[in-house]
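**Q** This is the structure, below, for whatever I ask next.
The values are calculated or read from the model by the stated rules, or taken from the named source; none is laboratory data. These numbers come from a predicted model, not from an experiment. Note: areas computed on protein heavy atoms with side chains; ligands, DNA, RNA excluded. Shrake-Rupley method; radii C 1.70, N 1.55, O 1.52, S 1.80 Å.
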Amino acid sequence: MKDCFAFTETGFGPRRSAFFAMMRSELVRLRRSSLIALHVTLAAAIGLAAGWYFAVTPWDALLAYDAFVQLLGAGAALLAGISCGLSIDAERDAGDYANLLGHPARRRAFAAKATVLLGLGALACLDALLLFVGVLAAAGKPTPSTATVALSFLALTTGAAALYAIALAAALARGRNASIAVGALGFMIALASLGGLGNGLVTGTLSASIAPLFLIAFPFTWPARLAALSIEVPLAAKGAVSTPTALEALVANAQISIAVCVVGSILIAIMWLAWVNRFEDHHRAQE
């Protein structure tokens, strides 16, 4: 009988159950906020509007998909800034961050909030992708494969994970407006890192293959770059570009970008959890 409970006695079982309970608590509070409506509205508006535009215009549909996932990737920073800013603002109004700073397992409480907000953003991203591809398919336009769409979704979600830690830190330290400002700055950096909105679509090139590699050092660029690579590598493999070295350049770019994103996200998560564990609300202490 003792052996049956050996796993639980290590403490991992109770910690995991406590983390899931915190996530359930976050989901309950989320239902009472405007964040769900915000994400649904944005996903539907962007997916349907962009899909309809490219369905009725003569742009290359696959390059249009490339431009669309770049837009979603760049917008991830702004969405993270808005959602984290509003969420932290609600925590402050509800009781001076008591659900977070007053929790005995503070790091797990913050991790649960970040996970739920990232999940909400991921679902909005998936909705936008499916709506965009669905509209193109209904219009008889070429669409990327299911595997490519799944890879784009994975790239966008993985690349955006660190942005939620950054946005939550900005919101906690400086308030909602600071979080949104950081998100807006990240949006502009991400767009500029790939030559601007629709650069590849207008020029007929694959943006990630010519984007300066050093810009991958900025976390704000990760979702857009990884998402662009998710469609541009298959396009290059099919010979959709004129230069024979494009595929090699994209594969090398992808390897470096993925490594930087994964390692960088882990380091940011570790530093963020250490920071929130020591954070003190100085504004509240002065009141």
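**Q** Measure nothing fancy, just the Cα-based angle from helix 35-56's long axis to the longest principal axis of the chain, in degrees from 0 to 90, nearest 10.
**A** That works out to roughly 0 degrees.
**Q** Could you check how much of the accessible area of segment 52-98 is carbon and sulfur, as a whole percent, using a 1.4 Å probe?
**A** C and S fraction of accessible area: 66 percent.
**Q** How much of the accessible area of segment 181-241, probe 1.4 Å, is carbon plus sulfur, in whole percent?
**A** That fraction is 75 percent.
**Q** Please compute the per residue accessible area over segment 50-137 with all protein chains in place, 1.4 Å probe, rounded to a whole number of Å².
**A** 36
**Q** Another question, then. How large is the helix-only mean residue ellipticity at 222 nm for the chain, computed as the sum of -39500 (n - 2.57) over DSSP H runs with n ≥ 4, divided by its residue count, in deg cm²/dmol to the nearest 500?
**A** -27000 deg cm²/dmol
**Q** Leaving ligands, DNA and RNA out of it, rank Arg29, Arg176 by accessible area with a 1.4 Å probe, largest first.
**A** Numbers: Arg29 70, Arg176 95 Å².
Correct descending sequence by accessible area is Arg176, Arg29.
**Q** Just to confirm my numbers, what's the Cα centroid distance between segment 212-269 and segment 44-75 in Å?
**A** Result: 20 Å between the Cα centres.
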